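Let me begin by presenting the structure, written as structure tokens, before commenting on it.
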Amino acid sequence: MNKLKYIAVLAFLGTVGISELGAQIKEEQLILNRKREPEVKKIEKKKTSVVQEKNYPPDNKKKEDSLNLKYDIVNVPPVSDFKTTEIQGEDISPKFSNDYQSNYFRLGYGNYGKFLADANVSGKIQDNVEIGADAHYLSTSGLKKVYDWDSKQNEAKIGVFSNIYTETGKFNIDANYAFNNYNYYGIYALTPMSNDLDLQQKVNKFSVNGYYDHYSNDILNDVRVKSYFLSDHFDASENYANVDVNLSKHDFAVYNNITANGDLGLSLETVNSKFDILNKNTNNQFNFTLSPKVTFYKGDSYLLIGSDFSFLNSKNSNNVTEESKNNKFYWFPRAEVLVAAADEFKFYGGINGGLKLNTYGNLLDENPFLVSDLVLTPTETKYHFYFGMKGDVDQTFKYDVNAGFSKVNNAQFFYNNNLFDFNVNAERKGYDFANTFSSVYDNGTLMEVKGDLQAFPMENLVVDAGLHYMKYNLDNLEEVYYKPLVQFNLGAKYTMLEKKLNLGFKAYFVTDRTSNSYSITPSGFNPDQYASVENKNEKVGGFADLNLSAEYKIHKNFSIFALGNNLLNAKYQNYLGYKVLGAQFLGGVKIIF
């Protein structure tokens, strides 16, 4: 099958005179335009490509958006990460800002047996109604020269969507199915008796989401619905649903030049997780949150005062301990002030907090090598104080620098698992080689410093950078696991030859992380048993990850691309035992229609 893929791609590339081109593993399904707005944040994939009608967004929406800009750190895992789930992250490939079309087909092939097929198609069935579909497939043969056992992976996602524009609001509905088929290949502590191992894990996820944005912000602001059903190779299942309703009354006069917005947020979130191996944990969580707030505006300055009231109902059970139940009411303060001295200097500060439900699906997005049996506990940010400064200098330099201090209960970390069966001659499952992770929780404090910037030194060049420093102080854990002290990213995009050639650069720098690990040897007392010793201060080295990209537009409907990532050829580890791919090169073609 791999040979057929290879032959098909080479034949296709040969028609345009391409021999070898390179590209990265992380590719976004729907390439977006980054607008020149005074913000620096991770681009979220959107399903909207239809031209917006002339009455959207109305003036009050523009004002609301401009006054609530977020400058969040671009906390994206390295693009050369071995895990194919990184496809979902930010796409660093070049983007054509002119003559953008959403209908395209993309095909690519590279070293490590990487095969990429990507497509998006959409069209209007009425002037105000668009329907479409997108599909994505990526596979890799893995690190055959590093591991004797199987480390190949493949991932696919296919979805349909619809955008509907009315006189009063905009609807978006999408449904998609995705699977990630990979292996628990990170065996570091135990030499298997045979290389013919079944290390497979496969995660299936079906999602349905809906969004309605009411233009006027009069009583109803917007409604969001998110839901998914997840299952895996070991018969785990998880159902998740979230409904957010925002009610509001905006732009009413208070005094002289002072206006105000009143908002009331209602949120219902529920998740049911069930695991079928080991301790067979079952987790049920329901959270209802009421979020009233009022915001006073004068010019570009504002004062926000509000609160979050949350009610949590949770149950945990397994086949080892008795069922535990928890019903608890939470109050979180919420306030923020922004003083706009000038466009170049805006000073802000505030306090907030909240509950985050840790779900199997969300944790798998961070670490797919989790054992399929977790205790899931919500993380409570009791309070988070922050202050900072941001600004926009002549539309050529945009920045945000801030610092914060948080009190966190049940902060979530990943913890390396030991063997589950210590018998030497055990018939081991794929997760029983000290090669998986679990969630562990602790209370403590967190100090953070963040900095983000974007610069436009010339019309065809964009430079961005981000820095994130975080320091935990925990009550019980001896070490802070898998949380680097410093993360830094640097990127640039450059266009030339009348925007026919687009070049991209992205670099990630991450300091050492700490994990626990196990040394496993035959027991001196019983030769049929293994003995293990835990090291609670194992260092997982830091890394630098450099990536380059290029795309040349041969014709308005045809382009070729070449990308290379992890160009330093460092087989570093994000999680102990799991080396990422070395230097990668992937090339291909894109047809726009």
Only one of (1) in contact (Cβ under 8 Å) with a residue 40 or more places away in the chain; (2) in a strand (DSSP E or B); (3) closer than 30 Å to residue 483 by Cβ does not apply to residue 539, and that is (1)
Among (1) among the polar types (S, T, N, Q); (2) crowded, with 18+ Cβ neighbours inside 10 Å; (3) closer than 27 Å to residue 370 by Cβ, where does residue 242 come up short? (2)
Quick count over region 356-390, residues being among the hydrophobic types (A, V, I, L, M, F, W, C), farther than 13 Å from residue 283 by Cβ and not in a helix (DSSP H, G or I), is 6
The residue that is nearest to residue 279 (Cα to Cα), considering only those in region 312-346 that are of a type in the set (Lys, Arg) and buried (at least 16 other Cβ atoms within 10 Å of the Cβ), is 334
Test: residue 347 is over 19 Å from residue 431 (Cβ atoms) and out of contact with any Lys or Arg (no Cβ under 8 Å at 6 or more places or on another chain): yes
If you scan region 383-406, which residues turn out to be charged (D, E, K, R) and within 24 Å of the chain's Cα centre (by Cα)? 398, 400
Region 160-178 - residue that is crowded, with 16+ Cβ neighbours inside 10 Å and under 18 Å from the mean Cα position of the chain (by Cα) and, of those, nearest to residue 200 (Cα to Cα): 178
Boolean, residue 245 is under 30 Å from residue 417 (Cα atoms), touching a strand residue (DSSP E or B) at 6+ places or on another chain (Cβ under 7 Å), assigned to a strand (DSSP E or B) and of a type in the set (A, V, I, L, M): no
Got a number for residues in region 352-386 being buried (at least 16 other Cβ atoms within 10 Å of the Cβ), among the hydrophobic types (A, V, I, L, M, F, W, C) and either farther than 17 Å from residue 316 by Cβ or in contact with a helix residue (DSSP H, G or I) (Cβ under 9 Å, 6 or more places away or on another chain) (or both)? 5
Do the conditions hold for residue 434, that is, is it touching a residue at least 40 places away in the same chain (Cβ under 8 Å), within 30 Å of residue 332 (Cβ to Cβ) and in contact with a strand residue (DSSP E or B) (Cβ under 7 Å, 6 or more places away or on another chain)? no
Residue 569 versus (1) over 28 Å from residue 148 (Cα atoms); (2) surrounded by fewer than 17 Cβ atoms within 10 Å (Cβ to Cβ); (3) without any contact (Cβ under 8 Å) to a residue 40 or more places away in the chain; (4) not basic (Lys, Arg): which is the lone unmet condition? (1)
Hand me the list of strands (runs of 3 or more DSSP E) wholly inside region 416-504 holding 2 or more residues that are polar (S, T, N, Q) and either at pLDDT below 95 or crowded, with 19+ Cβ neighbours inside 10 Å (or both). 437-458, 486-496
Can you find a residue that is closer than 19 Å to residue 239 by Cβ and crowded, with 20+ Cβ neighbours inside 10 Å anywhere in region 186-199? no
Scan region 542-566 residue by residue and report those that are within 24 Å of the chain's Cα centre (by Cα), surrounded by fewer than 17 Cβ atoms within 10 Å (Cβ to Cβ) and in a loop (DSSP other than H, G, I, E, B). 542
Inspect region 115-122 for any residue being at pLDDT 50 or above, part of a loop (DSSP other than H, G, I, E, B) and farther than 27 Å from residue 489 by Cβ and give the result as yes or no. no
Pull out all pairs, ordered by first then second residue, where Cβ-Cβ is under 7 Å, the residues are six or more apart or on different chains, the first lies in region 358-378 and is closer than 17 Å to residue 575 by Cα and touching a residue at least 24 places away in the same chain (Cβ under 8 Å), and the second is among the basic types (Lys, Arg) and in a loop (DSSP other than H, G, I, E, B). 368/83
Being surrounded by 19 or more Cβ atoms within 10 Å (Cβ to Cβ), touching a residue at least 24 places away in the same chain (Cβ under 8 Å) and in a loop (DSSP other than H, G, I, E, B) is true for just one of 139, 151. Which residue is that? 151
Which residue pairs have Cβ atoms closer than 8 Å, lie 6 or more positions apart in sequence or on different chains, and pair a first residue in region 184-205 that is free of Cβ contacts under 8 Å to residues at least 60 places away in the same chain with a second residue that is surrounded by fewer than 13 Cβ atoms within 10 Å (Cβ to Cβ)? none
Check region 210-218 and report whether any residue there is modelled with pLDDT of 95 or more, under 29 Å from residue 136 (Cα atoms), out of contact with any Gly (no Cβ under 8 Å at 6 or more places or on another chain) and part of a strand (DSSP E or B). yes
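The values are calculated or read from the model by the stated rules, or taken from the named source; none is laboratory data. What you see is a predicted model, and the numbers here were worked out from it, not measured in a lab. With ideal geometry, Cβ positions are generated from the backbone for all residues, glycine too; neighbour counts draw on all protein chains shown.
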